Structure formats: structure tokens, C-alpha cells
Amino acid sequence: MVKLENMKNISSSDSVINLDHGDPTAYEEYWRKIGDRCTVTIRGCDLMSYFSDVNNMCWFLEPKLAEAIKELHDAVGNAATEDRYIVVGTGSTQLCQAAVHALSSLAGTQPVSVVAAAPYYSTYVEETTYVRSGMHKWEGDAWGFDKKGPYIELVTSPNNPDGTIRETVVNRPDDDEGKVIHDFAYYWPHYTPITRRQDHDIMLFTFSKITGHAGSRIGWALVKDTEVAKKMVEYIIVNSIGVSKESQIRTAEILKVLKETCKSETENFFEYGHEMMKNRWEKLRGVMKESDVFSLPKYPEAYCNFFGKTLGSYPAFAWLGTKEETDLVNELRRRKVMSRAGERCGSDKKHVRVSMLSREDVFNVFLERLANMKLIKSIDL
Ligand code: PMP
């Protein structure tokens, strides 16, 4: 019999659990403990104008949010903010599209190829194909991409779905037509060691995956080039005439608390998040250990400049594989676990992406069902 520790409170419910999307509800408990310290009061007469700062190129960016973003990056040491523009977006989903649009519209010839190394974040496919723009064309997997002409490579590091640390793979250093968008949604200390202060031309961040406040729909881009930043701002104006001020103000308040507590012994969010993720990954690996059915990637340890010690990686998604020739997403669905098919991420049927950021009870039900799958498999053998 497989034994799982700390699973006394598992619900024996038979309901479907959805680990397909990465809804970051795992962090609710921390913010509940923080209580009213992030509470924002907004009166009927507040925040009514479209404009936040007419002297800023990104005039819909709330100055308080800009300040909180800079201070947080400074405190964590994960990205350079000096000499670049901050563009705020309705989630980094909007910003990614704005960046692809900006780079494409500034390219000499069109359509511009857009690629990402498989396995990639499946939403990039929809983001670049849904509106059928004539300016860019999704070309899929960056490994082996050799088309001539302008291209954009999307680099996600740590990667969604497989948690690996990524760099560009197309690599044409002398090619002015090659542009890169770095998506650093998960480059935060609870997921991965902070090994360097990133300093790329276009870097995307999302509030959703730092603190778990996905519902606020706030993301930001750090952009070096003026023309690219201008085009991104233009895109957002056409798309949504700016970004909700209520959301920006709330985000600023929460980021401020995040920064204030990030050196605290007792309230450090990153410490909390890191412990929680580590614990979940240990439990998951515990279930996997006895399994000859499933596989999980292994991650090297590295020195984390933020925590000041050598640590492992605990990604927001588990990239679950199987050695058998199975359609894993369907196998899991039969056990009432929804996951994202590897094929959607440019991979194969033998892989799925499973969110590690659900509420604790859901995560425990997932482990229980996975352990039972292993048992059924061993009986089959
Ligand atoms: N990039 C990556 C790699 C992500 O995983 C996500 C969220 N799933 C996003 C961007 C988008 O985040 P949001 O739109 O919520 O800011």
C-alpha cells in the first residue's frame, strides 16, 4: 500500500479537480493572515479619469504602481529597472501581444515569424493566431527553426510548462532581424533560485504568479527601446484605453507589503511560498518515487542571491511524463483530474502539465488519485 504523509484531511469527494489552468489560489491563506494591511478604500469620486500621469509615455500607469514595481525588483534583485520604460498591461497576456505587435510593426518585412522552444506555454499559440494578424505568423517550435527573415523568439524562464531555465535557442547573434521577448512570470524566489539580475530588452512580469492575485489582471513590461515601448503603449490604448486604476492601486498596495515583509523573519511571503512549493514538490516526488509509470524533470540546485543559499527549483507546474505509450491527459481525465495536454505545448501525448498552485485540499486529492493510478498500474503488471 502506498503511504502518503500529512494526508489525514483529504476529501474523499469524487468531484473533478481542475489542474489544467494555473489558478494560483494556493497563496490565499498567506494573504488572509496579512489581514487588513493591504485593504484599499476607493471612494466614488476617486480614480475617475482615463489618465494617471500625463508626463509619462505610458500615461495610464499609476505612479504608485511604477514605484512599487521598481522597489520590489530592487529588493528581490531579479531584474534591472533603470534606463527602461515600464508598460503596465491587463495581465502579461495583453503585454505579450503588445510586444509581438510592437516588434512586428517595426520589422522591415512582414509577416514576422514567432517561435518558442517546445515544450512552450500553450497560450502563446492563441495569442499569436487568434486575431489572424497579417503582421506576424506563429511558426511553432524554436528548436530547428531556420526560416530566413525577421523573427521573434519567446523565451520563458523558468519555463511553463516544464520548469527549466531557458535561454534563446535560435541564436543568430549577428542577425538584426531576430528579437526576443523574455517572459519572467516565474522568475521569483519561491519558484527558482535568483541567480542573476536579468537585463534584457523586453522583460514581462505578472502579478498573477508572484502573489497569486491573478484576478487583478495586472502585468508589466520592462522595455529598453523607446520605439518598442511607444508601440506597446499604442497597442494597449487601441485595445483597452489603458488598464484599470483600481487594479493598479490595489497591486501597488500589495507589492508594497510584499517588499516590506520580504526581509521579515516571520512574514516573508517568498519564504512562505518557497516552503509551500518545496513541501508540495517533496510530496509529489514521494508519490513518484515508487512509480515506474510516471516521470518528472529533475532540476539542478543553484545559489539564490535572494535567500543567500543554495536551493532547488519548485516550479508552478509539474511536467508529468509517462514511459508508456499512453494518452496521459485522457488517463488522468478518467481519474477525474483535468490537466493540460503536452501536445498543446508542442510536445506529445505522453506528457501533461499539472498546476502545483491549487488550494491544499485539491492538491492532496490529486496526490491521492495519482498514487492510486500507480497502484492500478502495478496490479496491471
Ligand atoms: N506568461 C506565462 C509563462 C504564464 O504562465 C502566464 C499565466 N499562466 C502568463 C504569462 C499570463 O499571466 P497574466 O495574464 O495572468 O498576467
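Numbers at a glance
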item: The chain shape via C-alpha gyration tensor axes, a/c threshold 1.5; result: oblate
item: Charge dipole (debye, nearest 20) of the stretch 250-366; +1 at Cβ of Lys and Arg, -1 at Cβ of Asp and Glu; result: 300 debye
item: Filtered trypsin sites (Lys or Arg not before Pro), the stretch 287-367: DSSP coil and at most 11 other beta carbons within 10 Å; result: 298, 323
item: Inter-label distance, nm, simple model (7 Å from Cα along the C-beta direction), residue 361/residue 25; result: 0.9 nm
item: Length added when fully stretched, residue 49-residue 326, from 0.36 nm per residue minus Cα-Cα; result: 94.2 nm
item: Farthest toward positive dipole pole in the stretch 49-262 [+1 Lys/Arg, -1 Asp/Glu at C-beta], among 112, 85, 69; result: 69
item: Calculated FRET value between residue 201 and residue 132, using beta carbons and R₀ = 22 Å, to 0.05; result: 0.25
item: Most fluctuating residue given options 114, 362, 293, as computed from a GNM of the chain linking Cα atoms under 10 Å; result: 293
item: Distance (nanometres) between label positions extended 7 Å along Cα→Cβ at residue 343 and residue 289; result: 3.5 nm
item: The chain: DSSP helices with Cα axial extent of at least 18 Å and average Kyte-Doolittle hydropathy no lower than 0.0; result: 91-106, 226-240, 360-380
item: Debye, to nearest 20: dipole size of the chain, +1 on Lys, Arg Cβ, -1 on Asp, Glu Cβ; result: 780 debye
item: Separation of the residue 372 and residue 302 label points, Cα + 7 Å toward Cβ, nm; result: 3.9 nm
item: Of every Cα-Cα pair in the stretch 49-262, the percent that sits beyond 24 Å; result: 38 percent
item: Fluctuation leader among 274, 73, 182 - the chain, Gaussian network, Cα springs under 10 angstrom; result: 73
item: Within a Gaussian network of the chain (alpha carbon springs, distance under 10 Å), most fluctuating of 65, 370, 204; result: 370
item: Rounded D (µm²/s) - the stretch 254-381, Kirkwood Rh over Cα pairs, Stokes-Einstein at 10 °C, 1.306 mPa s; result: 97 µm²/s
item: Chain lengthening between residue 226 and residue 240 when straightened (0.36 nm per residue, less Cα-Cα); result: 2.9 nm
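Quick note: the coordinates plus some simple rules give every number you see, no bench work behind them. Worth saying up front: this structure is predicted, and the values here are computed from it rather than measured. Please note: Cβ atoms are built from the backbone with ideal geometry, for glycine as well, and neighbour counts cover all protein chains shown.
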